[in-house]
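Let me begin by presenting the structure, written as structure tokens, before commenting on it.
The values are calculated or read from the model by the stated rules, or taken from the named source; none is laboratory data. Bear in mind the structure is a predicted one, so any value in this text is a computation, not a measurement. Don't worry about glycine lacking a Cβ; one is built from the backbone with ideal geometry, like all the others, and counts go over all protein chains shown.
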């Protein structure tokens, strides 16, 4: 049976960036092709819902009641995940229908043709807990056995409801192997090169760009700044930031910045520094590459799959290595051809290719 209608299940939508981007881009592209697309989410903020409607995409906002502030998207996501993991409350709010479904979520589980994996919550929490404050770390250690039990139970439930499982990277696929999931294939998340491209032919190169978020290894950034490297940092998750960093004379914190300002920040940086605790894929190194700026990060997890050491960035083996390389590159620079190589390699992740991959799968399984 063929459908002209599809529904895409999403995590909470507070903006159109981050983990919801794969669903949003696919929804918009399919709607432009004439398909009837509905996005379903436990929570969609009004501003995001308005932007989605402008794309010609329908929304089903389940309006799940919550106690967390919408401004703290991480805590709101965790609260919503707990509702589903404990009681299946989010899924119960969706009426049974026979529309073809792609599930991009870890907080709603319904019968789906495809389930798109972006990383087990319990694994992410375990990795990023190293950067938690003492109080938050104590709370996490207390809840850890319950979180891991609920995550495993939820993943097995989602597996039973999904015909085929797609991962957003090879590393991501490997994380689910312990749960016994059989991964049909990998589709890397999309990059919109109409947005992310070099904004200048003469980058200033007088600073290093980095990101402050829940996955950031702040200790590494501090060490690099203390060695004289000028750093500009962007990010909105200020609750995770070590406040001492904001007082460092070599660090300028930009906070949340517009997309156009972010493109300029990428384009003019000497390189992007990306020390992380957990990263199944990693938008930031890819966005930086598309803007012509190489990234220094670890040779593991998601970024280790698409950055070629010495060609489109540099891959460090550990914290000591990344600090030493950051100082070395800051002082010595690198050949200009690396910037050209970055832009060229980013083309492989263009959203057009991403959407084509999904269309091939959907047509193969007679979903559209």
**OP:** Give just the number: which of (1) closer than 25 Å to residue 172 by Cβ; (2) touching a residue at least 60 places away in the same chain (Cβ under 8 Å) does residue 333 not satisfy?
**Re:** (1)
Original post:
All but one of (1) modelled with pLDDT of 95 or more; (2) surrounded by 21 or more Cβ atoms within 10 Å (Cβ to Cβ) hold for residue 55; which doesn't?
Top reply: (2)
Subject >> residue 249 surrounded by fewer than 16 Cβ atoms within 10 Å (Cβ to Cβ) and modelled with pLDDT of 95 or more >> reply: yes
Subject >> Given (1) crowded, with 17+ Cβ neighbours inside 10 Å; (2) assigned by TED's automatic domain parsing to the domain that holds residue 73; (3) in a loop (DSSP other than H, G, I, E, B), index of the condition residue 198 fails >> reply: (2)
Original post:
Taking region 356-368 as the region of interest, how many residues are in contact (Cβ under 8 Å) with a residue 60 or more places away in the chain, surrounded by fewer than 19 Cβ atoms within 10 Å (Cβ to Cβ) and within 22 Å of residue 196 (Cβ to Cβ)?
Top reply: 1
Original post:
Taking region 1-48, which residues are more than 26 Å from residue 89 (Cβ to Cβ) and assigned to a strand (DSSP E or B)?
Top reply: 36
Original post:
Got at least one residue in region 307-321 being crowded, with 19+ Cβ neighbours inside 10 Å, touching a residue at least 60 places away in the same chain (Cβ under 8 Å) and in contact with a helix residue (DSSP H, G or I) (Cβ under 9 Å, 6 or more places away or on another chain)?
Top reply: no
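Any residue at all in region 158-175 that is part of a loop (DSSP other than H, G, I, E, B), crowded, with 20+ Cβ neighbours inside 10 Å, touching a residue at least 60 places away in the same chain (Cβ under 8 Å) and not assigned by TED's automatic domain parsing to the domain that holds residue 329?
To start, the set of residues in region 158-175 that are part of a loop (DSSP other than H, G, I, E, B) comprises 168-169.
Going one step further and asking which of them are crowded, with 20+ Cβ neighbours inside 10 Å, we end up with 168-169.
Among the residues that remain, those that are also touching a residue at least 60 places away in the same chain (Cβ under 8 Å) are: 168-169.
Still in the list and also not assigned by TED's automatic domain parsing to the domain that holds residue 329: 168-169.
Yes: one or more hits.
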Original post:
From the list 85, 48, 139, 70, which one is surrounded by fewer than 20 Cβ atoms within 10 Å (Cβ to Cβ) and in contact with a helix residue (DSSP H, G or I) (Cβ under 9 Å, 6 or more places away or on another chain)?
Top reply: 70
Subject >> Every residue from region 187-244 that is without any contact (Cβ under 8 Å) to a residue 24 or more places away in the chain and within 25 Å of residue 22 (Cα to Cα) >> reply: 194, 236
Subject >> Counted residues, region 114-145 - those being outside any helix (DSSP H, G or I) and at pLDDT below 95 >> reply: 2
Original post:
What helices (runs of 4 or more DSSP H) completely inside region 223-336 contain at least 2 residues that are within 21 Å of residue 349 (Cα to Cα) and in contact with a strand residue (DSSP E or B) (Cβ under 9 Å, 6 or more places away or on another chain)?
Top reply: 259-268, 283-290, 303-306
